[in-house]
Amino acid sequence: MAMSAMERAEAAEHAMSAALDRIAVKSVIYTSGERDPREPLPRPADQGFYLMGADPRLAPMPLRPTLFDFFKLRFGPSQHMLQSARLAAKNGVGEKIVLACLLHDIAITGFIRSDHGYWAAQLLEPYVDPEVSWAIRYHQALRFYPDDSVGYEYPALYEKLFGPDYQPEPYVEQAYREARAHKWYMSARLITVNDLYSFDANVRVELEEFTDVVGRHFRQPAEGLGFDGSPSAHMWRTIIAPTRYL
């Protein structure tokens, strides 16, 4: 027998309630520091089921998500990157470097903060020119080292955040030396030159300003980011559903 409109509404409400009751388990990386990762994970109460599909607390993603979908539905506030990309364009750099400025901090806004240059480079390597992903990886180290020849000074904000006596880790120093000797050094350095350490809250840059640049220099997979079988597809899927129990 066909359900009445009231019965269909009640069934839908029940389904939504059941989805919200799914247990969302955080991975160790999300809690390490807040708790000792060597200790056994506390077992959730024996009620409900582990979350296996989309997280109902998050905005739904399209079946074939694009880079812009991630910006709009999964990344944190991106005005810093958008304004950096606009500044790079105004300074007359090539489109590949504009794209690098647009994407240089996506690991921070959407994935993980630690070693964000390396993570971002891995996320992007299948889809961009090697020079772009290389520059994004090494901008992480270069931002700690001034270069008078291009007018890059050590950011005053770093002294405030890390203290005046902060010294980067040895592997960062090593990466800096590697970058200085590389043919793409200036590409990575241009990210730091156009990397705004504070953005103008009164200026609004829309993502669509870079539609053409992304279209020309980002290889969007037809299957959607996360479903194309690339070496970094699993990382994009993790951003889509970070609490999925798989």
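Being surrounded by 11 or more Cβ atoms within 10 Å (Cβ to Cβ), of a type in the set (S, T, N, Q) and either over 20 Å from I108 (Cα atoms) or at pLDDT below 95 (or both) is true of T211. Of all the listed residues (A179, A201, A175), the sole one being over 20 Å from the mean Cα position of the chain (by Cα) and closer than 19 Å to G151 by Cα is A179.
Can you report the number of residues in region 155-172 which are over 24 Å from the mean Cα position of the chain (by Cα) and closer than 18 Å to Y138 by Cα? Spell out the reasoning first.
At the first step, the residues of region 155-172 found to be over 24 Å from the mean Cα position of the chain (by Cα) are 156, 159-160, 163-167, 170.
In the following step, the residues that additionally are closer than 18 Å to Y138 by Cα were identified as 167, 170.
Residues flagged as over 24 Å from the mean Cα position of the chain (by Cα) and closer than 18 Å to Y138 by Cα within region 155-172 amount to 2.
In region 47-76, the qualifying residues are those that are farther than 26 Å from E223 by Cα and free of Cβ contacts under 8 Å to residues at least 40 places away in the same chain, and the one that is farthest from the chain's Cα centre (by Cα) is Q47. The residues on offer are I106, I136, and the sole one that is crowded, with 20+ Cβ neighbours inside 10 Å and within 19 Å of P221 (Cα to Cα) is I106. In contact (Cβ under 8 Å) with a residue 12 or more places away in the chain, in a helix (DSSP H, G or I) and polar (S, T, N, Q) - does that describe any residue in region 144-157? So far as region 144-157 goes, no, none of its residues is in contact (Cβ under 8 Å) with a residue 12 or more places away in the chain, in a helix (DSSP H, G or I) and polar (S, T, N, Q). Does L73 fit the bill of being at pLDDT 95 or above and surrounded by fewer than 18 Cβ atoms within 10 Å (Cβ to Cβ)? So L73 passes the test. Across region 184-223, the qualifying residues are those that are part of a loop (DSSP other than H, G, I, E, B) and of a type in the set (D, E, K, R), and the one among them that is farthest from K90 (Cα to Cα) is E223. Taken over region 110-122, the criterion of being surrounded by fewer than 24 Cβ atoms within 10 Å (Cβ to Cβ) and over 14 Å from D195 (Cβ atoms) is satisfied by G110, F111, I112, R113, S114, D115, Y118, W119, Q122.
The values are calculated or read from the model by the stated rules, or taken from the named source; none is laboratory data. These numbers were taken from a predicted model, which means no experiment stands behind them. Cβ atoms come from the backbone with ideal geometry, glycine included; neighbour counts cover every protein chain shown.
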